[in-house]
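Everything on this sheet refers to the single structure shown next.
The values are calculated or read from the model by the stated rules, or taken from the named source; none is laboratory data. If you're wondering where the values come from, they're calculated on a predicted model, not measured in any experiment. All Cβ positions, even for glycine, are placed from backbone atoms using ideal geometry, and neighbour counts span all protein chains on display.
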Amino acid sequence: MATEPSVERPEQIAAHPRHPSTREYVRIAIVLGVVTAAEVAIYYLEALESWLIPLLFLFSLIKFSLVVLWFMHLKFDSRTYSRFFLMGLAGAVTLYLVVLLTFRTFAS
Amino acid sequence: MATVEHADERRLVAEEHATSTGLPNTKLAIWLFLASDCLLFGALISTYVLYRGASTTGPYPNDVFDIPYTSVSSFVLLASSLTMVLALAAIQRGDVGRSRIWLLATALLGTTFVGGQVYEFTVFHDEGLTLTTNVFGTSFYVLTGFHGTHVGIGILMLLTLVSLSLGGRLGPERAETVELVGLYWHFVDIVWIVIFTVVYLIPTGNGAGP
């Protein structure tokens, strides 16, 4: 017996999820701009010299997450896409962190 | 009558996406490609981190980097991510004309970024930093050159979409094509977010040696 694809399957709803509104996109872009400005500002602040690297990584992580979750829609799309991307990202971070630790890059 | 037409339309959409996962294969493929590209850029970034302080002769990173200039380039690329999502939102609403304008704006911002990178490379070259000057130069040009090439490919894809749109072949039914190009474009943006921090903003010693 031939079966027709159901129009109500949840995975098809996942294929066409709700995406953010134009206003949300603009708001995210403004936050990205402000965080970038903050990154550049702390680069010049001598008072924050000892905190520079952790703060830069934190700001970078915030920007990265905002673009991936909102602009690339991983917050709204099927989790399968997130798993695909995280697989590559986690693999890259782990592999190259091991490489850099092996060469004692952070020792100095 | 309208209900019947609507049901037919929904059935067409369902048949179009009748894959084993229920998700469009093209979108899964682009995410898989982006995951693999993480490994490529991971290799290039870690190579840069490994070698940037290992040069025995100058110029060193602190001698050539112009942070205000590169910050403006970063803002330009971030702005292009906004115009890209606005292009997608417009075509999903069925506003083809506005989508075309945003796609063109994204391509122009991308071109501005690449133009800025070419100018930066020219300045560095004049200051004595070439691909073969020292290991900092080699790892820097390879990393940022690969990123610039990705941006260049993205610009070509955007201009192809603009030309399809002008020919009337990029309607709302092909919004997914715009979304796929958008995913690639945003990926190029997140790679730059990491490069801007790791390469330009995190300070390095001069010629520490391995």
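So here's what we get for this one:
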| quantity | calculated |
| --- | --- |
| Residue match in region B:152-167 (condition: part of a loop (DSSP other than H, G, I, E, B) and either closer than 18 Å to B:Ala43 by Cβ or over 16 Å from the mean Cα position of the chain (by Cα) (or both)) | yes |
| Residue match in region A:49-66 (condition: within 15 Å of B:Ile202 (Cβ to Cβ) and of a type in the set (Val, Ile, Thr)) | yes |
| Test: residue in region B:114-134 that is in contact (Cβ under 8 Å) with a residue 24 or more places away in the chain and within 14 Å of chain A (Cβ to nearest Cβ) | no |
| Residue match in region A:69-87 (condition: modelled with pLDDT under 95, closer than 27 Å to A:Ile53 by Cβ, surrounded by 12 or more Cβ atoms within 10 Å (Cβ to Cβ) and among the hydroxyl-bearing types (Ser, Thr, Tyr)) | no |
| Filter result for A:Ser6 (at pLDDT below 95 and touching a helix residue (DSSP H, G or I) at 6+ places or on another chain (Cβ under 9 Å)) | yes |
| Condition check for B:Thr47: within 21 Å of the chain's Cα centre (by Cα) and modelled with pLDDT of 95 or more | no |
| Test: residue in region B:84-94 that is over 30 Å from A:Arg23 (Cβ atoms) and facing another protein chain (nearest Cβ under 10 Å) | no |
| Lone qualifier among B:Thr149, B:Thr130, B:Thr144, B:Thr122 - being under 16 Å from the mean Cα position of the chain (by Cα), surrounded by fewer than 17 Cβ atoms within 10 Å (Cβ to Cβ) and modelled with pLDDT of 95 or more | B:Thr149 |
| Residues located in region A:27-55, provided they are at the interface with chain B (Cβ under 10 Å from one of its Cβ atoms) and of a type in the set (S, T, N, Q) | A:Thr36 |
| Among the residues listed as B:Leu34, B:Leu78, B:Leu103, B:Leu40, the single one being touching a residue at least 40 places away in the same chain (Cβ under 8 Å) and within 30 Å of A:Arg104 (Cβ to Cβ) | B:Leu40 |
| Qualifying residue in region B:74-83 (condition: modelled with pLDDT under 95, out of contact with any His (no Cβ under 7 Å at 6 or more places or on another chain) and in a helix (DSSP H, G or I)) | no |
